[in-house]
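Q: Below is a structure I'd like to ask you about.
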Amino acid sequence: MSTMTEVGGWLRERLPALLAEHGVPGAAVAVSLDGELAEYATGVLNTATGVAATTDSLFQIGSITKVWTATLLMQLVDDGLLDLDAPVRRYLPDFRLADEAAAAAITTRQLLSHTAGFEGDLFTDTGRGDDCVEKYVATLADTAQLFPPGEMFSYNNAGYCVLGRVVEVLRGKAYDDCLRQHLFAPLGLAHAAADAYEAILHRAAVGHLRTAPDADPRPAPVWALARSNAPAGAMLATSPRDLLTFVGMHLAGGVAPDGTALLRAGTATAMRRPQVTVPDVGLMGSAWGLGWELFEWSGRAVVGHDGGTVGQSAFLRAVPDRNLAIALLTNGGNPVAVYDEVYRHLLRELADVEMPAPRTPPARPTPVDAGRYLGTYGSEVADLTVTRDADGRLWLEQTPKGVLADLGERPERVELVHLDGDTFVQAEPRLGVHLSHVFVGDTGDGRARYVHSGRATRRIS
């Protein structure tokens, strides 16, 4: 098993080459094992300015923010101010959705575990004021219900914005201030920012996007998504070290480095207990806890979360029984390939954990009756149409709409290859990954009700 000195040496030797190979402008990594830290940064934060990435640099952590939001909620539970199984309307009486019965029934636990069942990829910009989350939640009144609350998992950004509003109401202050006062300050974080105004005080990364598949990544036109989505992951930026300080508090049973108890004994562990299983979509875990994504690799429990914003990608994994945590923060290119090699090496060396092999299409796929899958599935951000060609091959065409169309996403047509059961993988990789699609449910006549790729997209034809 490697020492932390060897880990630091491997990162210095390998990470620059990985970034060059996969077109990633800059990255920073931190590894914590039993309180010992190794960290390294390389590349640049902004290709237009050439400012070098350092271990103190701030990168946006995207949806890893959801674990922070979940922690703020669990502090409220510890304080006796919140019941996870009470309807959200106990705390937000004006909470509305298109389905009144669902809106009245949804609980905080269901929001935390992505089982609330309403459309989740809604990124409405309601301004930059402290009332932006409150205004955002009010815009959900016409949001469609995909399935009854608690029925299954479907990743839901909007649900975490509702949770952020619960935090605001019960604490009597804006979400950003709750982060600063209830997590940043007691954890002693020196390199964390809740918004762009704080981030500019630090050495902050800019996201990078490609205008074409073979083009060099260029600085994104904006730094962040809308502030209204901050509780879901639109704003929070940290250094890898400060991110691991937060994770270390969880692994230490809710106790900060200075001994301050941020969560009650047992609460941090309870957050890592499975709440719902996740369809086998490959990149996600096998289950979800209260904020945490849950994996089981080599017979060991692994927890984590990933995050993506405008040209920035973040990866977090922890092995609680080894007191090991790893954070990788990047700002463009093909970060998934970097993640795969970095985590595969470090988890093997430090925890005897083997990550599953990347999913690939079988050479000889089993024939299937395609009638179950054909048709169009729609959401707020895209329509997905599954067709069969004259040779019997299945194709999925994605037509972006809403925020994805606004961000310049183009229609895409990919071949689907049968893996097993109702699971298919894309024939061609995207950024090195053969994405998976699982068809779930039944319309009553043998056709699939949803196509699931982490989010359930409902059949509309």
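Just so it is clear, none of the values below were taken in a lab; they were calculated from the coordinates. Bear in mind that the values here come from a model prediction, so they are computed numbers and not experimental data. For neighbour counting, all protein chains shown are included, and Cβ atoms are generated from backbone atoms with ideal geometry for every residue, glycine included.
Q: How do 353-361, 11-19 rank on mean C-beta neighbours within 10 Å, highest first?
A: 11-19, 353-361
Q: Order these by the 10 Å Cβ neighbour count, fewest first: 292, 395.
A: 395, 292
Q: Shifting gears a bit: Modelling each spin label as a point 7 Å along the Cα-to-Cβ direction, I'd like the residue 369/residue 461 distance in nm, to one decimal.
A: About 2.3 nm, to one decimal.
Q: Rounded, prolate or oblate: which fits the stretch 370-459 when a ≥ b ≥ c are the square roots of the eigenvalues of the alpha-carbon gyration tensor, with rounded for a/c under 1.5 and prolate only if a/b beats b/c?
A: oblate
Q: Another one. Quantify how much of the Cα-Cα distance distribution of the stretch 1-128 extends past 27 Å, in percent.
A: The proportion of pairs with Cα distances above 27 Å equals 48 percent.
Q: Which shape class applies to the stretch 369-412: rounded if a/c is under 1.5, otherwise prolate when a/b exceeds b/c and oblate if not, where a ≥ b ≥ c are the square roots of the Cα gyration tensor eigenvalues?
A: Verdict is oblate for the stretch 369-412.
Q: In whole Hz, with x marking every Gly and Pro, tabulate ³J(HN,Hα) for the stretch 388-395 from phi via Karplus 6.51 cos²θ - 1.76 cosθ + 1.60, θ = phi - 60°.
A: Ordered by residue, 3J(HN,Hα) equals 10, 8, 5, 8, x, 7, 9, 10 Hz.
Q: Now, a different point. Need one word for the stretch 200-253: rounded, prolate or oblate. Basis is the Cα gyration tensor (sqrt eigenvalues a ≥ b ≥ c); a/c below 1.5 gives rounded, then a/b vs b/c decides.
A: Numbers: a/c = 2.35, a/b = 1.91, b/c = 1.23.
Prolate, because a/c is 1.5 or more and a/b exceeds b/c.
Q: What distance in nm separates the two pseudo spin-label positions at residue 393 and residue 142, each 7 Å out from Cα along the beta-carbon direction?
A: Between residue 393 and residue 142, the label points sit 4.0 nm apart.
Q: Is any helix in the chain, taking whole DSSP H runs, at least 27 angstrom long along its axis by alpha carbon and on average at least -0.5 on the Kyte-Doolittle scale, and which ones?
A: The qualifying helices: there are none.
Q: Now, a different point. Which of 443, 126, 108 has the fewest other C-beta atoms within 10 Å, and how do the rest follow up to the most?
A: So the ranking, lowest neighbour count to highest, is 443, 126, 108.
Q: Please identify which residues in the stretch 11-27 have an amide N closer than 20 Å to a label point set 7 Å out from the Cα of residue 409, following the Cα→Cβ vector.
A: Backbone N within reach: none found.
Q: How do 133, 403, 24 line up, fewest other C-beta atoms within 10 Å first?
A: On the way: 133 28, 403 18, 24 23.
Ordered from fewest to most neighbouring Cβ atoms within 10 Å, 133, 403, 24 come out as 403, 24, 133.
Q: Okay, next question. Mean 1/r over all different Cα pairs, inverted: what Kirkwood radius does the stretch 160-313 give, in Å?
A: 17.4 Å
Q: Per 20 Å bin from zero, what fraction in whole % of the C-alpha pairs of the chain is there, up to the bin with the longest pair?
A: Spelled out bin by bin, the chain gives 25, 60, 15, 0 percent.
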